[in-house]
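To start, the structure itself, in structure tokens.
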Amino acid sequence: MDAFLRLRQPAWEAGLGGMSAAGTFWQVGRSLLFGLSVLGLPAAKAEVKVNLADGFDFPVGKPNAEGYYKARGLRLRAPQHFGEDWNGRSGGDSDLGDPVYAVADGVVTFAYNVRTGWGNVVLTRHAYRDPSTGEVKYCDTLNGHLHQIMVKTGQAIKRGQQIGTIGSNFGMYPAHLHFEIRHNITIGMQRSGVPSDLVNWADPTQFINQFRKLNREWRPVAVPTGTYQDYGGFSGL
Ligand SMILES: [Zn+2]
């Protein structure tokens, strides 16, 4: 039984158990269009302001994943795994309930128990200046199978702030954090049809090491919202 459940996990994380494969990409422009008022109601916000990230930490054992190890890494070819699995060094469920931290300043774009193979999920969005080009870029993180969610959709977050705890999806898996970083901020919970390449997905450890320290800029920047499709009736920011 346990082996069976372990085998199911990559299927969920690869999107094979997703709810709808249709229309993965939403354009940011669509949310702008939806924001136009037709009934005299205030227009919906199409962007929010966040601090530019001053660096990226690891999501467990902050800031350097001390006390944890990466049980599985990013794998873009079958069997696919679009992120990393972080476990406590003591093994088993010893890490159940351990803190999961925001890797950088940003905003929560999705924080719900979506059940299925994911359970409690928190997605966060970050803006950062790539030192190699000077360009401001965006990325999303996904934190899956959480025991508890400690933030709400739309909430601003700071690097190192606790956003939840490590879980097992209510006993479906041995406790661990499934953690992703995406360059593509339209994926949300609908990964079907998204090309499995490094344009859309980052290798989390490589990304964090690359942007470990960034200059603090005391100036908020706008990040797009309304980029996700609904998932199981849940809407992102
Ligand atoms: Zn995983």
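Structural remarks
- The trypsin sites (Lys or Arg not before Pro) found in segment 158-233 that occupy coil by DSSP, while having at most 13 further C-beta atoms within 10 Å, are 158, 212, 213, 216.
- In plain terms, the chain from residue 222 to residue 89 could stretch by 44.0 nm, reckoned as 0.36 nm per residue minus the Cα-Cα distance.
- Long-range amide H partners of residue 145 with built H, under 5 Å: 120
- Summing charges over neighbours of residue 142, with a neighbour being any other residue whose Cβ is under 9 Å away from its Cβ, gives -1 when K and R count +1 and D and E count -1.
- Using θ = phi - 60° and Karplus 6.51 cos²θ - 1.76 cosθ + 1.60, couplings along segment 127-135 (whole Hz; Gly, Pro as x): 10, 8, 9, 6, x, 6, 10, x, 7
- Projecting the Cα atoms of 141, 195, 168 onto the charge dipole of segment 141-236, computed from C-beta unit charges around the Cα centre, puts 141 farthest toward the positive end.
- Residue 113 long-range amide H proximity, modeled H, under 5 Å: 121
- Pair residue 69, residue 206: separation of 7 Å Cα→Cβ label points (nm): 2.3
- Estimated at 0.36 nm per residue, the fully extended path between residue 170 and residue 136 surpasses their Cα-Cα distance by 8.4 nm.
- Between residue 215 and residue 76, the modelled labels are 3.0 nm apart [label points 7 Å from Cα along Cα→Cβ].
- Under the Karplus curve 6.51 cos²θ - 1.76 cosθ + 1.60, θ = phi - 60°, whole-Hz ³J(HN,Hα) for segment 53-61, x wherever Gly or Pro sits: 4, 9, x, 10, 9, 6, x, 10, x
- Amide H contacts for residue 47 (H built 1.01 Å from N in the peptide plane; partners 5 or more residues away or on another chain; cut-off under 5 Å): 225.
- Derived scalar couplings between HN and Hα for segment 96-103 equal 4, x, 5, x, 10, 10, 5, 6 Hz in order, rounded to whole Hz, by the Karplus curve 6.51 cos²θ - 1.76 cosθ + 1.60 (θ = phi - 60°), x for Gly and Pro.
- Taking 0.36 nm per residue of separation and subtracting the Cα-Cα distance, full extension of the segment from residue 197 to residue 148 would add 14.6 nm.
Laboratory data are not the source of any read-out in this text; all were calculated from the coordinates shown. Given the structure is predicted, the values throughout are model-derived calculations rather than measurements. With ideal geometry, Cβ positions are generated from the backbone for all residues, glycine too; neighbour counts draw on all protein chains shown.
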